[in-house]
Amino acid sequence: MWAQVWAQAWAQAWPQVRAIGRKRADAGRVTVPEGDTLRRTAARLDLALRDGVLDRSDLRWPSAATVDLTGSTVLETRPYGKHLLTRVSDGRTLHTHLRMDGYWRVVRTGSSEAAARSPKVRAVLAAGPWTAVGHLLGMLDVVRSTDEVTLVGHLGPDVLDDDFLPDPEEPTPTLPPLAPTPVGIDDPGRRRWEGPGLEEALRRWDRQGGRPVAEVLLDQTVVAGLGTIWTAESLFARRVWPWTPAVEVDRPDLVLRAARAQMRRSVAAGEELARVHQRAGRPCPRCRTPLVEGSVGVLPTARPTTWCPVCQADPHHRPAPPVVHRWTGVAAAERRRH
Ligand SMILES: [Zn+2]
């Protein structure tokens, strides 16, 4: 009981001291961080470090072990798709990617957690009262900010970018605009396309031909930021069968808009508001038919998606591919036989 009270008091006193981009598990399965989580992570890192002078920089990564960022002022942490770009005043950028299990925590400088003794720690940045500790990061590089394009230049438009839509939308108070800075991916001279991100994403979509729509949404070079959660959710929202060939999708713009709207809501809410993701066997929120799971892509990158066989039925009655077990690579039907 008292532990609960203590936990509540702690949460109220130090709202910043919360796990960010933390590992989440549902029924034993890990949910990989997507663009919305990255956006929240960047906001927390900004809250803790932005405009602060780094008095600690500890990068536990072979290629960056000798890099020292102390003395530099943190300009901002910019999310792009599933990447984080922490820019500092000496013209360098710390690039990190959470991949499967990574997360950043912001803790009080001087606390035991700030000591970062865990072997899972890959990066520590501290500025005054706050220390940001990066656990199990999947990628880490330090580059000149003007070279950020070498890290994220292959990606399509970020679905959460301020200029993604060609038309104005309701501002969300909890979603501060990403102020453009004259370096890297925001440099107009380096911009890889003209106009709003949505239009560029649709141009890239047009080149996907017969590729299943779920695979296209997961492809970061078409549109950046979606993973399995928002792929499943946006297709459910638009009642699209996940294996519909890209060329057959009626209104790809509405699928991308649905993904963006759902992800913005998730950023604002501070948690994923998924309706079908990882809910196979449970009733569809619309029609009560049990949701089912299918596989998108081919091994070794096949990923599960959840869909409603009624709301998202294929008008041509094509069969969904068999479910492939992510870890063993054995089709579920095959496993049942043995
Ligand atoms: Zn349904």
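Taking the condition of being closer than 22 Å to Leu49 by Cα and in contact with an Asp or Glu (Cβ under 6 Å, 6 or more places away or on another chain), how many residues in the range 127-164 meet it?
1
Being of a type in the set (A, V, I, L, M) and surrounded by 14 or more Cβ atoms within 10 Å (Cβ to Cβ) is the filter; apply it to the range 311-329 and report the residue that is modelled with the highest pLDDT. Break it down stepwise before answering.
Of all residues in the range 311-329, those of a type in the set (A, V, I, L, M) come to 313, 320, 323-324.
Narrowing the set further to residues that are surrounded by 14 or more Cβ atoms within 10 Å (Cβ to Cβ) leaves 320, 323-324.
Values: Ala320: 89, Val323: 78, Val324: 70.
Across the range 311-329, the extreme among qualifying residues is Ala320.
Would you check if Leu160 is under 19 Å from Trp61 (Cα atoms), in a loop (DSSP other than H, G, I, E, B) and modelled with pLDDT of 85 or more?
On the way: under 19 Å from Trp61 (Cα atoms): no; in a loop (DSSP other than H, G, I, E, B): yes; modelled with pLDDT of 85 or more: yes.
Against the criterion (under 19 Å from Trp61 (Cα atoms), in a loop (DSSP other than H, G, I, E, B) and modelled with pLDDT of 85 or more), Leu160 does not qualify.
If you check Trp14, Trp2, which single one turns out to be modelled with pLDDT under 85 and surrounded by 12 or more Cβ atoms within 10 Å (Cβ to Cβ)?
Numbers: Trp2 fails: surrounded by 12 or more Cβ atoms within 10 Å (Cβ to Cβ).
Result: Trp14 is the single residue among Trp14, Trp2 that is modelled with pLDDT under 85 and surrounded by 12 or more Cβ atoms within 10 Å (Cβ to Cβ).
Would it be correct to say that Trp243 is outside any helix (DSSP H, G or I), at pLDDT 95 or above, surrounded by 19 or more Cβ atoms within 10 Å (Cβ to Cβ) and outside the structural domain of Glu34 (by TED's automatic domain parsing)?
Answer is yes for this residue.
Just checking, does the range 106-127 include any residue being under 30 Å from Ala259 (Cα atoms) and among the charged types (D, E, K, R)? Give the derivation first.
Pass one, the range 106-127, residues under 30 Å from Ala259 (Cα atoms): 106.
Those left that are additionally among the charged types (D, E, K, R): none.
Scanning the range 106-127 turns up no residue that is under 30 Å from Ala259 (Cα atoms) and among the charged types (D, E, K, R).
Residue pairs, Cβ under 9 Å, 6 or more apart or interchain, first in the range 302-315 and without any contact (Cβ under 8 Å) to a residue 24 or more places away in the chain, second within 11 Å of the ligand (Cβ to nearest atom) and of a type outside the set (A, V, I, L, M, F, W, C). List them.
Note: pairs meeting the criteria are Pro309/Thr289; Pro309/Pro290.
Can you confirm whether Val107 is at pLDDT 95 or above, closer than 30 Å to His154 by Cβ and in a strand (DSSP E or B)? If you could, list the steps in order and put the result at the bottom.
Numbers: at pLDDT 95 or above: yes; closer than 30 Å to His154 by Cβ: no; in a strand (DSSP E or B): yes.
So Val107 fails the test.
Conditions (1) under 16 Å from Ala214 (Cβ atoms); (2) surrounded by 14 or more Cβ atoms within 10 Å (Cβ to Cβ); (3) of a type in the set (A, V, I, L, M, F, W, C), marked per residue:
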{"site": "Asp250", "(1), (2), (3)": "yes, no, no"}
{"site": "Ala258", "(1), (2), (3)": "yes, yes, yes"}
{"site": "Ser266", "(1), (2), (3)": "no, yes, no"}
{"site": "Val276", "(1), (2), (3)": "yes, yes, yes"}
{"site": "Pro285", "(1), (2), (3)": "no, no, no"}
{"site": "Ser295", "(1), (2), (3)": "yes, yes, no"}
{"site": "Pro304", "(1), (2), (3)": "yes, yes, no"}
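Residue by residue through the range 266-285, note down the ones that are hydrophobic (A, V, I, L, M, F, W, C) and within 11 Å of the ligand (Cβ to nearest atom).
If we filter the range 266-285 for residues that are hydrophobic (A, V, I, L, M, F, W, C), which is where we start, we get 267-269, 273-274, 276, 280, 284.
Those that are hydrophobic (A, V, I, L, M, F, W, C) and within 11 Å of the ligand (Cβ to nearest atom): Val276, Cys284.
Inspect all residues belonging to the range 93-102 and state whether any of them is among the basic types (Lys, Arg), assigned to a loop (DSSP other than H, G, I, E, B) and surrounded by fewer than 15 Cβ atoms within 10 Å (Cβ to Cβ). Reasoning before the result, please.
Within the range 93-102, the subset among the basic types (Lys, Arg) is 99.
From what is left, the residues that are assigned to a loop (DSSP other than H, G, I, E, B) are 99.
Filter once more, keeping what is surrounded by fewer than 15 Cβ atoms within 10 Å (Cβ to Cβ): 99.
The answer is yes; a qualifying residue exists.
Please count how many residues of the range 286-323 are near the ligand (Cβ under 9 Å from one of its atoms), farther than 19 Å from Trp230 by Cβ and touching a Ser or Thr at 6+ places or on another chain (Cβ under 7 Å).
Here the count works out to 2.
Val255 is checked against (1) more than 16 Å from the ligand (Cβ to nearest atom); (2) modelled with pLDDT of 95 or more; (3) on the phi > 0 side of the Ramachandran plot and fails just one. What number does that condition carry?
(3) is the only condition that Val255 fails.
The values are calculated or read from the model by the stated rules, or taken from the named source; none is laboratory data. Here the structure is a predicted model, which is why all the values come from computation and not from measurement. In this analysis, Cβ positions are derived from the backbone assuming ideal geometry, glycine residues included, and neighbour counts consider all displayed protein chains.
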